[in-house]
Amino acid sequence: MHAATLSMDYDHPDCRPVLRRIRAQAPFVYGLTNYVAATLSANVLLAAGAAPAIGAAPGWPAGFGGQAGAMWVNAAGLINCTARDMLDAVDAANAAHVPWVLDPVAMGAGVGEYDAIIRTLAARTPAVVRGNASEVVALAGGAATARGVETTASIAQAVPMGQALTRSHQVIVAISGPEDHILAPDGRHIIVPGGHPLLTRVTGAGCALGGLVAAALATVPKESDRLVAVAAVHALYARAAEIAARDAGGPASFATGFVDALSRLQDSATAGADV
Amino acid sequence: MHAATLSMDYDHPDCRPVLRRIRAQAPFVYGLTNYVAATLSANVLLAAGAAPAIGAAPGWPAGFGGQAGAMWVNAAGLINCTARDMLDAVDAANAAHVPWVLDPVAMGAGVGEYDAIIRTLAARTPAVVRGNASEVVALAGGAATARGVETTASIAQAVPMGQALTRSHQVIVAISGPEDHILAPDGRHIIVPGGHPLLTRVTGAGCALGGLVAAALATVPKESDRLVAVAAVHALYARAAEIAARDAGGPASFATGFVDALSRLQDSATAGADV
Amino acid sequence: MHAATLSMDYDHPDCRPVLRRIRAQAPFVYGLTNYVAATLSANVLLAAGAAPAIGAAPGWPAGFGGQAGAMWVNAAGLINCTARDMLDAVDAANAAHVPWVLDPVAMGAGVGEYDAIIRTLAARTPAVVRGNASEVVALAGGAATARGVETTASIAQAVPMGQALTRSHQVIVAISGPEDHILAPDGRHIIVPGGHPLLTRVTGAGCALGGLVAAALATVPKESDRLVAVAAVHALYARAAEIAARDAGGPASFATGFVDALSRLQDSATAGADV
């Protein structure tokens, strides 16, 4: 059952074909996310070449949830839409076989009512769960270790919990941290090195990655190819952060350089000759 | 009935007097817009010299709608306020003869319930409708061609539909695209060249332009001068984008440079001698 | 009763120990604020070393209000949460002795229903009220002089009203302007020089300062030390703005440089030897 653990960065030959498809297909990606992260999320998706729409205007959850190429649901979006909106979007997506990403932001921070909504969403077959270590631990049924939206759990604690979660929910689990771990129900395990610490100083950077994961899913026809696609956008993120960190004078110029680098890396992936 | 089509850029002698009035009068401009675009919209208005306030706190729609120098209503603002809030604001604005701009974001994307709200708003005498090609086509009664918040219609398709819309609703119609078309019910037609493609990679750039159109309206006493005022802020936008694109390393540094350029162009318009 | 008026900038020996504690303790700071200012507020807090969470997801106001090290309530947050959410958060904070900041955004702009909610909040023992001159005048019972979210009152008008407010509500009052005035119920009065005018061109800059004041409160065990802590973050703000203004090409690059400078000043405060 356990395949070997694989390491994958932006230079891995499986990475650019995924990224190139996002630019080429410009998938319509629908998101229910929070207003703190929404603008960066949209700009990250535009930089990558996707076509995002965000929010729960009347009729959008059921409408866009079924029309989109993929969707992401960021639990902290409950600061600006209802659980009903999220469920409508998820049901529409599932009915139309639209893959979607669940980001269990701030799960395990000690607010039971909020965590219960995330459990309800998680039971509705997301294609991917993406979160930090504390969030994955909490969703897998472990201890509540989040401090607001921040993790206090380690990647080492989260990986075995994430592996349990992949099996119990038949879902790909992506854990963000100093290195990212992408886990599949069949035991495959991809490590993406190099999550830059400056990413933790830019609000919404993790949330925006959830949107980018959805963009990748939208371009993958075969379910078995999803794991690599999810890892590829994590590798893009890590490389863009590495580039941006070189010239950054602080977290704000880093964020600017990061979105610029995402766009330029997508330019170069598109210009490349492979596949 | 048809006046000649006119081209207008930032160097046109009619442009700077409009822009200078925005800086000089610092109009209070009230906006109901979406949280994805709200921050950029406020910063664009501040850069131009206006005094924006955004959102539907209790009492604000009826209060600020009647107090403001002008108002803009961005339909995607329905992700964070109710249709009732928008109608209250519009009714207050109309009662106080405050001109307002309607931005039919994502109209024609196949969500009937949402489109119906926009039709209700459009029936309440906005001074200007500003949108992309698909949105204008949809509001004019044409086919639904939007893909989320993006257009798939061309400017060539949208201009005749926009002209019909000017007459049916007695409204100025501004269509954003590779070149912008500003249309009046009396047949006047101004083309503003040079909408930079990088503007389409910055979320909320179009939405923010709706706010800037409102700022221009706030400073124009005569209704017949509105068409030129609307064109002038489009010309300011195009020039600022052109300046920002020169040094941009990607869409995020472009966005920063764009707001900076708006501010500096307004400085230079203010310092100029032409009235 | 009246202590002497003191001037305090970033180089004052009492300043850095406050700032260093924020970095060292990384307090969890909970905010109910508006979506126009939310992203900048979170980024300012992250730059300073705090751990912010923002918004009223189900259960968060009562949960995070009681768990946080400190909280800020920005009245314009009523554009995206209810008065009930704010009251729940305030009650939870008070029950757990969590100090909180009230920012009476746009008070005195002529919307009675909105102003009444702020009065209700102000009656529930905030530790600090932070606002511009018009807002402080209005909350102290003076004339309504706000124009949307902007002040038309002067600092000279606001200081005596702020002093009255400190006594009537037993609250520290911080008035932002060309120079900031921090006032205590016991008559202490600290002036922080140098609020840069470019800060008024960046939407949410004042709102974000409210969050930073909360971060400072979270690290101060003794109530009598709060006044200096509040002044210290104002001094940090002023110095970061001064640094950012040197190289800014306009308000957007200023905002980027400002957050970067906050982060670097916190680095250097942390590296310093003074305790």
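If you add up the charges near C:Leu227, with Lys and Arg at +1 and Asp and Glu at -1, over every other residue whose beta carbon is less than 9 angstrom from its beta carbon, what do you get? Don't jump to the answer; show the numbers that get you there.
Values: positive: C:Arg188, C:Arg226; negative: C:Asp186, C:Asp225.
Summing Lys/Arg as +1 and Asp/Glu as -1 gives 0.
Which residues' amide hydrogens lie under 5 Å from the amide hydrogen of B:Gly194, considering only partners 5 or more residues apart or on another chain, with H built in the peptide plane?
B:Asp180
Carbon and sulfur atoms: what percent of the 1.4 Å accessible area of the protein assembly as shown do they account for?
It is 56 percent, rounded to a whole number.
Name the shape class, rounded, prolate or oblate, that the alpha-carbon gyration tensor gives for region C:226-275, where a ≥ b ≥ c are the square roots of its eigenvalues, rounded holds for a/c under 1.5, and otherwise prolate holds if a/b is larger than b/c and oblate otherwise.
The shape class here is oblate.
Peptide C:140-151: average number of partner chain Cβ atoms within 10 Å per residue?
Values: counts 0, 0, 0, 0, 0, 0, 1, 6, 12, 8, 6, 0.
Shielding by partners across C:140-151 averages 3.
Using a Gaussian network model on chain B with a 10 Å cutoff between Cα atoms, which of B:Glu135, B:Glu242, B:Glu113 fluctuates the most?
B:Glu113
Rounded to the nearest 5, what % of the DSSP beta bridges within region B:5-271 are antiparallel ones?
25
Which of the peptides B:30-37, A:173-180, B:217-224, A:114-121 is most tightly packed, and how do the rest follow, going by the mean number of other Cβ atoms within 10 Å of each residue?
B:30-37, A:173-180, A:114-121, B:217-224
Quick query: amide H of B:Ala70 versus all other amide H atoms, modeled in the peptide plane; which residues come in under 5 Å with a sequence gap of 5 or more or a different chain?
Distant-sequence amide H within range of B:Ala70: B:Tyr30.
Quick query: amide H of C:Val105 versus all other amide H atoms, modeled in the peptide plane; which residues come in under 5 Å with a sequence gap of 5 or more or a different chain?
C:Ala75, C:Ala76
Choose one answer from A:Gly142, A:Gly49, A:Gly112: the residue with the largest mean-square fluctuation in a GNM of chain A with alpha-carbon springs under 10 Å.
Evaluated over chain A, the most mobile residue of the options is A:Gly112.
If Rh is defined by the Kirkwood formula over all Cα pairs and Rg also comes from Cα, what ratio Rg/Rh do you get for the protein assembly as shown?
With Rh from the inverse mean 1/r over Cα pairs, Rg/Rh is 0.96.
Compute the label-point distances linking C:Ala123 to its equivalents in the other copies; points lie 7 Å from Cα along Cα→Cβ; give nm, one decimal, shortest first.
4.3, 4.3
Using θ = phi - 60° and the Karplus form 6.51 cos²θ - 1.76 cosθ + 1.60, what ³J(HN,Hα) does each residue of region A:223-237 get, whole Hz, x for Gly and Pro?
4, 6, 8, 5, 4, 5, 4, 5, 5, 4, 6, 5, 5, 4, 4
Within 10 Å of each Cβ in peptide A:57-67, how many partner chain Cβ atoms are there on average? Round it to a whole number, please. Write down the numbers at each step before the final one.
Working: counts 15, 11, 10, 9, 1, 2, 8, 7, 0, 1, 5.
Shielding by partners across A:57-67 averages 6.
From the square roots a ≥ b ≥ c of the eigenvalues of the alpha-carbon gyration tensor of region C:108-218, which class results: rounded (a/c under 1.5), prolate (a/b over b/c), or oblate?
Note, shape of region C:108-218 comes out rounded.
Which net charge results for the neighbourhood of C:Gly77, defined as the other residues with beta-carbon distances under 12 angstrom from its beta-carbon, given Lys and Arg at +1 and Asp and Glu at -1?
-2
Taking 7 Å along the Cα-to-C-beta vector as the label spot, tell me the B:Glu113-A:Arg119 distance in nanometres, rounded to one decimal.
For the pair B:Glu113/A:Arg119, the computed spacing is 2.8 nm.
I'd like the distance between the alpha-carbon centres of region C:150-225 and region A:77-114, rounded to an integer number of Å.
Centre-to-centre (Cα) distance: 39 Å.
What does the average come to when, for each residue of peptide B:18-31, you count the partner chain Cβ atoms lying within 10 Å of its Cβ? It would help to have the intermediate numbers written out before the result.
Details: counts 0, 0, 0, 0, 0, 0, 0, 0, 2, 0, 5, 1, 1, 1.
Mean shielding count: 1.
Using every alpha carbon pair in region C:5-271, what percent of pairs falls into each 5 Å bin from 0 up to the bin containing the largest distance?
Pair shares across the bins are 1, 7, 15, 20, 22, 18, 12, 5, 1, 0.
What percent do you get for the relative contact order of region B:1-138 when only Cα pairs under 8 Å and 6+ apart count?
Relative contact order for region B:1-138 comes out at 21 percent.
In square angstrom, rounded to the nearest 10, how much accessible surface does B:Asp225 have for a 1.4 Å probe?
70
Considering Cα pairs under 8 angstrom that are at least six residues apart, work out the relative contact order of chain C and quote it in whole percent.
Relative contact order comes out at 25 percent.
If you plug each phi of region C:258-266 into the Karplus form 6.51 cos²θ - 1.76 cosθ + 1.60 with θ = phi - 60°, what whole-Hz ³J(HN,Hα) values come out, in order, with x for Gly and Pro?
5, 5, 4, 5, 4, 5, 5, 4, 5
Tell me whether region A:1-160 comes out rounded, prolate or oblate; compute the Cα gyration tensor, take square roots of the eigenvalues as a ≥ b ≥ c, and use a/c under 1.5 as the rounded threshold.
Oblate, because a/c is 1.5 or more while a/b does not exceed b/c.
Could you give each residue of region A:134-147 its phi-based ³J(HN,Hα) in whole Hz, using Karplus coefficients 6.51, -1.76, 1.60 with θ = phi - 60°, and x for Gly or Pro?
4, 5, 5, 4, 5, 5, 7, x, x, 5, 7, 10, 6, 10
The values are calculated or read from the model by the stated rules, or taken from the named source; none is laboratory data. The structure presented is a predicted model; accordingly, all values stated were derived computationally and were not measured. Please note: Cβ atoms are built from the backbone with ideal geometry, for glycine as well, and neighbour counts cover all protein chains shown. The accessibility values were calculated without ligands, DNA or RNA, using every heavy atom of the protein model including side chains. Shrake-Rupley method; radii C 1.70, N 1.55, O 1.52, S 1.80 Å.
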